[in-house]
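Just below is one structure, and these are the notes that go with it.
The values are calculated or read from the model by the stated rules, or taken from the named source; none is laboratory data. Computed from a prediction, not measured in an experiment: that's the story for all the values here. Glycine also receives a Cβ, built like all others from the backbone with ideal geometry; neighbour counts cover every protein chain displayed.
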Amino acid sequence: MTSAAEPAQPRPAATHPTPPPTASYRLQLQPGFTLHHATAAVPYLAALGVSHLHLSPLLEAAPGSAHGYDTVDHTRISEQLGGEAALRALAAEAHRHGLRLIADVVPNHMAVPVPERLNQPLWQVLRDGPDSPYARWFDIDWTAQPGPTDAPGRGRVLLPLLGDRLGAVLDQLTVDGERLRYHQHELPLRPGTQHLPLPDLLARQWYRLAWWRLARTELNYRRFFTINELIAVRVEEPEVFAATHAVLLGLHADGVLDGFRIDHPDGLADPRGYLERLAEATGGAYVVVEKILTGEERLPEDWPVAGTTGYDALRRIDGVLTDHAGACRLAGAYESFLRGGPVRDLCQDPHPAIAAARRGRADMTGPGGELTAEVERLVRIALRIGAAEPAHADHAPWQLRAALRRLLTDYPAYRPYVRPGEPAFDDPLQATGSLGADGTADPTERLVAALALGELGRSADKDEFCVRFAQTAAAVAAKGVEDTAFYRWNALPGLNEVGGEPARPGLHPAEFHDWCRYLERTWPHSMTVLSTHDTKRSADARARLAVLAEQPEAWAAEAAAWSTAAGPPAPGLDRDADWLLWHTLVAAWPISPDRLVAALLKAAREAKLHTSWTAPDARYEQALEARARAVHGNAGLLPRIEGLVHALAPYARSNTLAAALLHLTVPGVPDLYQGSEEPLYTLVDPDNRGVVDLGALAVRLTDAATPRPGDLAREKLHLTATALHLRRSGPLGAYRPLRAVDLASDHLLAFARGEDVVTAVTRLPYGLARAGGWRDTVLELPAGGPWTDRLSLRGFPAGAVPVAELLATYPVALLTRRG
């Protein structure tokens, strides 16, 4: 382990960054799919047509980690995945096939592993306290906990890992040499304390062992969201950046890695500063950030990156393939399904999804909320500011607490991006919360907002408040909306994805074109995605659910019939549990009972209405599981489910192929999730993080171009490979919308890329069929043809082409000029 006093120095940056990807392919590395497996898959991925392999985190993670975001050692490539030699072998094989590597980087946090000795920087902080050279690595508020009995003013770290109150588990603690053991936990002992009686020994450590339930209110280290087992790292410190990035930067300098995906930049103290340092260290490598953009929020243009990881694209592609009016009616039918009464138009404000998001945020910071400890840290900082400056004094802790909760609840984006000492231009917080309930100015709220925006000058505490408010706002948004509200308001579950806006379903084609031109103009190499390791439902599962928005009344009636067929629910189960159950079955059918139960239990625990991770209600969960499992034994219900999925299939096929072709031909760099080149009907993690048989996909790729009616897997694989090879053959040209003419024109989305490529896809296919099909609708193909559809290999002249003829084989077309 490199000393913190002598941080590792990265090798010089590569002087000639490689070109940006044409397309990347995400591989979830884990013990069941290592770097050796990835190397074996390189020929297939090259044949598929991508230019880059996108690897999940590579540094040593907690034992058995299936995702890699729980780093324990920044000094080595994970031995569980094969180690550095295997990574270099993968790079060599990739280069031999013309491919490059992108690595996922986790700058925000490390694991608090079991045993704790696996994280040596943290181990040394626990042993030596604030005097450890690693104390600056971690975002610990040493003022929040009284220190050891011989140094009470120096603070210590709360470790909420006990299964019960300390007094109830004292007999489970043992001293083993210089270590304290509690079941599988191993903790260092402060030098010279190992011979003390246990009560005295505990009182002299630089950490306080505590019942896990105290974390909500007393935790004094910053976490990743609400996960106690992930401790935040202060990567804003130059020596911490150098030590945690030395291995990856060295591999970049050696040409092993060519780009980076940055995990959770919203958690960093200074995202722009971090990205500037990374750009300098890599000589401007290809970098994308997992930045979640809310509503019309844009990626800050002063960030030195290629763009985002693509959730903004997911929302637009799904949106343009979703029926806005039908989604509004389906939301009304959902409310009626839950509570009875007439169906009302739920696209009118105030929308219940907005109220659900606000309640989810409020629950995070309210009394006993999961982020109470983070709010309390901000209160302590504000009180210190008031004590140092009389102009900001006499705001009671309860007033500060209430003001913080209101502002964090109402903040309309993920977080502010203010840097201490710089003006906050047009931050939404500047217009938030200036008046109290009686219409008068709320001085405490104004103080808190001003501190959050850095408007009251500079000091160590003022700068810290500004930074910590932004980090807390990001956690409140993520946990309160995506991980709470999106599991509570389930009208259209397919819209409840990262960065989603269920209150604004659907996107008009004109808005879609505007966004594509914006992306091309501003972030031409930004990633675009449809499925990821974090999506709650894969793209093809959402494609099925989108059809339901086109038949809201029929689907609501069918859902009600399924509930009746399933019989009366157990006491405690509400109608929302049924609604989500039926949607989950449709989205992922065919699905095993175990997969179904796992997804529903996770949803119920995340919703935190009847049960939760921290306070599970065994009776409720058993009832939910029993109802879900009973579906597979219900001879009257199974045929109805299978029949509906079969009836949806032609329209779901259209949506699947349309989304795939849009993803592969709009501006940006498409990032394919493993296995998604064929239909993939997965649910929330860990369901979507399983090992994919890429060898079998390689075999199927060899004959994917041969038509086989009704074989959607072959169609999607053929479409994917065709579009990827087109992208690799040369850059696609400027984006230009094309307009269909006649009665069914709203059901066609078409655009040109330069002078030589045209994409045309069907949207809202169920509505198209009900309206009588394409009839006389035509698409004007640009002059200079003839054109060839690369999917069907059929030729078309330039000029007006009947859409019914153009889309006779597939519901989409990818046209290029011949000759």
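Among (1) at pLDDT 95 or above; (2) in a loop (DSSP other than H, G, I, E, B), there is one condition Val597 misses while meeting the rest; what is its number?
(2)
Pairs only if they're at least six apart or on different chains, beta carbon under 9 angstrom, first in segment 663-679 and at positive phi, second part of a strand (DSSP E or B) and not charged (D, E, K, R); list them, first residue then second.
Gly668/Gly307; Gly668/Met527; Gly668/Thr528
Answer yes or no as to whether Leu530 is aliphatic (A, V, I, L, M), part of a loop (DSSP other than H, G, I, E, B) and in contact with a strand residue (DSSP E or B) (Cβ under 9 Å, 6 or more places away or on another chain). Please lay out each step first, then the result.
Details: aliphatic (A, V, I, L, M): yes; part of a loop (DSSP other than H, G, I, E, B): yes; in contact with a strand residue (DSSP E or B) (Cβ under 9 Å, 6 or more places away or on another chain): yes.
When the stated conditions are applied, Leu530 passes them.
Got at least one residue in segment 468-482 being outside any helix (DSSP H, G or I), within 29 Å of Tyr69 (Cα to Cα), polar (S, T, N, Q) and at pLDDT 95 or above? Walk me through how you get there before you give the answer.
Step one: list which residues in segment 468-482 are outside any helix (DSSP H, G or I), which gives none.
Checking segment 468-482: not a single residue is outside any helix (DSSP H, G or I), within 29 Å of Tyr69 (Cα to Cα), polar (S, T, N, Q) and at pLDDT 95 or above.
If only one of Leu548, Leu519 is surrounded by 17 or more Cβ atoms within 10 Å (Cβ to Cβ), more than 30 Å from Arg415 (Cα to Cα) and either at pLDDT below 95 or of a type outside the set (Phe, Trp, Tyr) (or both), which one is it?
Numbers: Leu519 fails: more than 30 Å from Arg415 (Cα to Cα).
Leu548 is the lone residue from the list that is surrounded by 17 or more Cβ atoms within 10 Å (Cβ to Cβ), more than 30 Å from Arg415 (Cα to Cα) and either at pLDDT below 95 or of a type outside the set (Phe, Trp, Tyr) (or both).
Check Leu275, Leu299 and return the single one that is assigned to a loop (DSSP other than H, G, I, E, B) and surrounded by fewer than 24 Cβ atoms within 10 Å (Cβ to Cβ). Talk me through it step by step, then tell me what you get.
On the way: Leu275 fails: assigned to a loop (DSSP other than H, G, I, E, B).
None of the others qualify; the one that does is Leu299.
Within the bounds of segment 278-290, is there any residue that is within 23 Å of the chain's Cα centre (by Cα), part of a helix (DSSP H, G or I) and under 21 Å from Ser526 (Cα atoms)?
yes
Have a look at Ala813, Ala783, Ala769 and point out the one that is surrounded by fewer than 22 Cβ atoms within 10 Å (Cβ to Cβ) and either more than 20 Å from Glu550 (Cβ to Cβ) or in contact with a His (Cβ under 7 Å, 6 or more places away or on another chain) (or both). Let's see the steps before the verdict.
Values: Ala813 fails: surrounded by fewer than 22 Cβ atoms within 10 Å (Cβ to Cβ); Ala769 fails: either more than 20 Å from Glu550 (Cβ to Cβ) or in contact with a His (Cβ under 7 Å, 6 or more places away or on another chain) (or both).
The unique qualifying residue is Ala783.
Which of the residues belonging to segment 613-645 are farther than 14 Å from Gly567 by Cα, part of a loop (DSSP other than H, G, I, E, B) and touching a residue at least 60 places away in the same chain (Cβ under 8 Å)?
Thr614
Restricting attention to segment 580-593, and to residues there that are within 24 Å of the chain's Cα centre (by Cα) and more than 12 Å from Tyr681 (Cα to Cα), which single residue is surrounded by the fewest Cβ atoms within 10 Å (Cβ to Cβ)?
Per the criteria, the residue is Leu580.
Consider Leu99 carefully, then state whether it is in the same structural domain as His74 (by TED's automatic domain parsing) and surrounded by 15 or more Cβ atoms within 10 Å (Cβ to Cβ). Before the answer, list the steps.
Numbers: in the same structural domain as His74 (by TED's automatic domain parsing): yes; surrounded by 15 or more Cβ atoms within 10 Å (Cβ to Cβ): yes.
So Leu99 passes the test.
Could you list, in sequence order, the residues of segment 685-718 that are touching a residue at least 60 places away in the same chain (Cβ under 8 Å), in contact with a helix residue (DSSP H, G or I) (Cβ under 7 Å, 6 or more places away or on another chain) and closer than 23 Å to Gln28 by Cα?
Those that are touching a residue at least 60 places away in the same chain (Cβ under 8 Å), in contact with a helix residue (DSSP H, G or I) (Cβ under 7 Å, 6 or more places away or on another chain) and closer than 23 Å to Gln28 by Cα: Asp687, Leu694, Leu697, Ala698, Leu701, Lys716.
Return the residue satisfying two criteria in turn: it lies in segment 198-246 and is modelled with pLDDT under 95 and hydroxyl-bearing (Ser, Thr, Tyr), and of such residues it is surrounded by the fewest Cβ atoms within 10 Å (Cβ to Cβ).
Thr217
Of the residues Leu230, Leu219, Leu209, Leu173, which is touching a residue at least 12 places away in the same chain (Cβ under 8 Å) and out of contact with any helix residue (DSSP H, G or I) (no Cβ under 7 Å at 6 or more places or on another chain)?
Values: Leu219 fails: out of contact with any helix residue (DSSP H, G or I) (no Cβ under 7 Å at 6 or more places or on another chain); Leu209 fails: out of contact with any helix residue (DSSP H, G or I) (no Cβ under 7 Å at 6 or more places or on another chain); Leu173 fails: out of contact with any helix residue (DSSP H, G or I) (no Cβ under 7 Å at 6 or more places or on another chain).
Checking each option against the conditions leaves just Leu230.
Restricting to segment 143-173, count the residues that are under 36 Å from the mean Cα position of the chain (by Cα) and assigned to a loop (DSSP other than H, G, I, E, B).
So the count comes out to 8.
Filter segment 801-810 for residues that are touching a residue at least 40 places away in the same chain (Cβ under 8 Å) and not β-branched (Val, Ile, Thr); which is surrounded by the fewest Cβ atoms within 10 Å (Cβ to Cβ)? Explain how you work it out, then say what you get.
Within segment 801-810, the subset touching a residue at least 40 places away in the same chain (Cβ under 8 Å) is 803, 806-807, 809-810.
Those left that are additionally not β-branched (Val, Ile, Thr): 806-807, 810.
Numbers: Leu806: 27, Leu807: 22, Tyr810: 24.
That would be Leu807.
Table: residues versus (1) of a type in the set (A, V, I, L, M, F, W, C); (2) modelled with pLDDT of 95 or more; (3) under 22 Å from Ala696 (Cα atoms); (4) touching a helix residue (DSSP H, G or I) at 6+ places or on another chain (Cβ under 8 Å).
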| residue | (1), (2), (3), (4) |
| --- | --- |
| Leu48 | yes, yes, yes, yes |
| Ser51 | no, yes, yes, yes |
| Gln80 | no, yes, no, no |
| Ala89 | yes, yes, no, yes |
| Ala111 | yes, yes, no, yes |
| Leu122 | yes, yes, no, yes |
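Which condition does Thr759 not pass, out of (1) of a type in the set (Ser, Thr, Tyr); (2) part of a helix (DSSP H, G or I); (3) in contact with a Phe, Trp or Tyr (Cβ under 8 Å, 6 or more places away or on another chain), if it passes all the others?
Tallying (1) of a type in the set (Ser, Thr, Tyr); (2) part of a helix (DSSP H, G or I); (3) in contact with a Phe, Trp or Tyr (Cβ under 8 Å, 6 or more places away or on another chain), Thr759 fails exactly one: (2).
Can you list the helices (runs of 4 or more DSSP H) lying wholly within segment 174-256 that have 3 or more residues being in the same structural domain as Arg272 (by TED's automatic domain parsing) and under 24 Å from Pro133 (Cβ atoms)?
Working: elements: 198-203, 215-218, 238-253.
Of the helices (runs of 4 or more DSSP H) lying wholly inside segment 174-256, those with at least 3 residues that are in the same structural domain as Arg272 (by TED's automatic domain parsing) and under 24 Å from Pro133 (Cβ atoms) span 238-253.
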